[in-house]
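Notes follow once the structure below has been shown.
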Amino acid sequence: MLKGHQSWLFENKPSILSAATSVGPFEGRGPLAEDFDIVHGELYLGQDSWEKAERAFLEEAAKMAIQHAGLTEGQIQFHFGGDLMNQIISSSFAARTLTIPYLGLFGACSTSMESLALAAYIVNSGGAKHTLAATCSHNSSVEKQFRYPTEYGSQKPPTAQFTVTGAGAAVIGQEGKGPFVTSATIGRVVDMGIKDPFNMGAAMAPAAVDTMEAHFRDLQIEPGYYDLIVTGDLSKVGYEIACDLLKKHNVPMHQTTYSDCGMMIYDYETQNVQSGASGCACSAVVTYGHLLNRMRRGELNRILVVATGALLSPLSFQQNETIPCIAHAVSIEREK
C-alpha cells in the first residue's frame with residue numbers, strides 16, 4: 001500500500017458511496033449553487049450562535065450523506081472529521097449527535113482530504129466496511145477567530161480570503177459503483193516565514209506544490225494522468241504563486257487543467273471576496289458537490305484534489321509566530 005515515501009496506493013479502490021453538501025446563502029449565489037444539496041437562506045440555522053450553526057451544517061451534511069448511501073449511523077464504523085474551531089468543537093459536538101466512533105482531526109482547511117484519505121485507508125485495509133469523512137466552516141465563526149468579526153466591518157486587503165459557510169461529507173465503502181479513491185499523498189509541514197493572516201494563499205502555496213511534486217514522484221506519474229487537478233483554497237494570490245513555483249520546478253502542468261476551489265465557488269464580478277474563498281468547507285463542498293457531479297456525468301474520469309491548510313491559531317499569532325502550512329492530496333477516479 002505504501003508507494004514511494006509519503007503516498008498510499010489503494011489497491012482495493014474504496015468507493016465513495018455517497019456525498020452531501022449543505023451551504024449558506026452567499027454560497028447559494030455563486031456559480032456552483034446547483035451542485036449543492038441544500039442551500040440555506042440564513043446563517044443561524046435556528047441556533048443562537050455562529051458556532052452552533054456551524055455544527056448544525058455539519059450534522060445535516062453527515063446525516064444526508066449517510067441517508068444517500070442507504071445506510072444508518074449504526075452501519076458506519078468510523079467517523080473522521082475536523083474543523084477550524086478551537087479544539088475542533090464543531091466536529092466533536094456533531095460526533096456527539098451522530099454517535100459514530102470518532103477520530104478527530106486538525107489539518108485546518110486541508111481537513112477535507114485528510115479525512116477522506118484516512119477514511120479510505122481504513123476501508124482499503126479491511127478495518128471497516130463503511131466510514132464517514134466530514135468537515136465544515138462558517139464565515140461568521142471563523143473570521144472572528146482568525147481575523148476580525150464580520151460585524152467589525154474592517155476593510156480587508158486584496159490578498160484576504162472569504163471563509164465558506166457550509167459542510168461536506170462523504171461515505172466510503174468497500175463495495176460500490178464509485179467514484180473510487182485510488183491513492184493519497186500525505187503532505188509535510190512547510191513554513192516560508194509568512195505571518196500575515198490576511199495572506200493565507202501565499203503561505204499555503206509552497207505546501208501545495210510540495211505535496212503535488214511528492215505525489216507525482218511517489219506514484220511515478222505526470223500531471224497529464226489527471227483530467228483536472230485542484231488545490232483547496234489558495235485563491236487568486238496563492239494560485240498564481242503555485243503556478244510560478246510549478247513552472248520553476250519544471251512540473252509539466254500544461255498536460256492537464258489546473259484550478260483552485262477557492263476561485264470556483266464565488267463570482268468575482270458580483271461577490272466581494274477579495275482573493276477568493278477559504279475555510280474547511282471550501283474544498284469539501286466543491287469536491288463533494290461540483291466535482292463529483294461532473295464525474296458522475298462522465299465529464300471527468302480522474303481528478304486530484306490537493307486540499308491546503310494554514311496551521312496557525314489565535315495563540316500562535318499572538319506570539320508573533322509564522323504560519324506553518326500543509327497540503328494533502330487524494331486521487332479520485334470514475335472507473336475501478
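The values are calculated or read from the model by the stated rules, or taken from the named source; none is laboratory data. Bear in mind that the values here come from a model prediction, so they are computed numbers and not experimental data. Here Cβ is always computed from backbone atoms with ideal geometry, including for glycine, and neighbour counts include all displayed protein chains. Protein only, heavy atoms only, side chains kept; ligands, DNA and RNA dropped before computing areas. Shrake-Rupley method; radii C 1.70, N 1.55, O 1.52, S 1.80 Å.
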**Asked** Based on Cβ point charges of +1 for Lys and Arg and -1 for Asp and Glu, what charge dipole magnitude is obtained for segment 226-292 about its Cα centre, in debye rounded to the nearest 20?
**Response** 200
**Fill in**
Descending packing, highest mean Cβ count within 10 Å first, for 130-136, 58-64, 317-323 is 130-136, 58-64, 317-323
**Asked** Where both residues lie in the chain, what percent of DSSP beta bridges are antiparallel, nearest 5?
**Response** 65
**Item:** segment 3-129 - Rg (one decimal) and Dmax (whole number), Cα, Å
**Value:** 15.5, 49
**Fill in**
Treating only Lys and Arg (+1) and Asp and Glu (-1) as charged, each at its beta carbon, one finds that the chain has a dipole about its Cα centre, in Debye to the nearest 20, of 540
**Message:** In Å², and per residue, what accessible area does segment 212-305 have when probed at 1.4 Å with the other protein chains present?
**Reply:** 39
**Message:** Report the Cα-based extents of the chain along its three principal axes, largest first, to the nearest Å.
**Reply:** 50, 49, 37
**Request:** Provide, for q = 0.12, 0.20 Å⁻¹, the log10 of I(q)/I(0) from a solvent-free Debye sum over equal Cα point scatterers in segment 139-259.
**Result:** -0.58, -1.19
**Prompt:** About the Cα centre of segment 48-170, what is the dipole size in debye to 20, counting +1 per Lys and Arg Cβ and -1 per Asp and Glu Cβ, all else neutral?
**Reply:** 140
**Among Tyr121, Tyr268, Tyr226, residue whose mean-square fluctuation peaks in a GNM of the chain (springs only between Cα atoms under 10 Å)** = Tyr268
**Fill in**
Whole-percent carbon and sulfur contribution to the accessible surface of segment 1-117 (1.4 Å, no ligands, DNA or RNA) stands at 52
**Message:** I'd like the Kirkwood hydrodynamic radius of segment 23-62, using the inverse of the mean 1/r over distinct C-alpha pairs, in Å.
**Reply:** 10.4
**Estimated 222 nm signal from helices in the chain, with DSSP H stretches of n ≥ 4 weighted -39500 (n - 2.57), rounded to 500** = -9500 deg cm²/dmol
**Prompt:** Pick from Thr165, Thr270, Thr185: which residue has the top mean-square fluctuation in a GNM of the chain where Cα pairs under 10 Å get a spring?
**Reply:** Thr270
**Normalised convex hull volume, segment 233-336, alpha-carbon set, Å³ per residue** = 139
**Value of Rg to Rh for segment 52-192 (Rh from inverse mean 1/r over Cα pairs, i.e. Kirkwood)** = 1.01
**Prompt:** Quick one: Debye curve from the C-alpha atoms of segment 259-319, no solvent, what's log10 I(q)/I(0) at q = 0.19, 0.20, 0.22, 0.29 Å⁻¹?
**Reply:** -0.81, -0.86, -0.95, -1.19
**Complete:** Among Met212, Pro197, Tyr239, the residue whose Cα sits farthest towards the positive end of the charge dipole of segment 187-245 (+1 at Cβ of Lys and Arg, -1 at Cβ of Asp and Glu, taken about the Cα centre) is Pro197
**Message:** Below 9 angstrom from the Cβ of Asp260, what's the summed charge of the other residues (Lys, Arg +1; Asp, Glu -1)?
**Reply:** 0
**Complete:** Comparing Met253, Met113, Met295 in a Gaussian network model of the chain (Cα, 10 Å), the one with the largest mean-square fluctuation is Met253
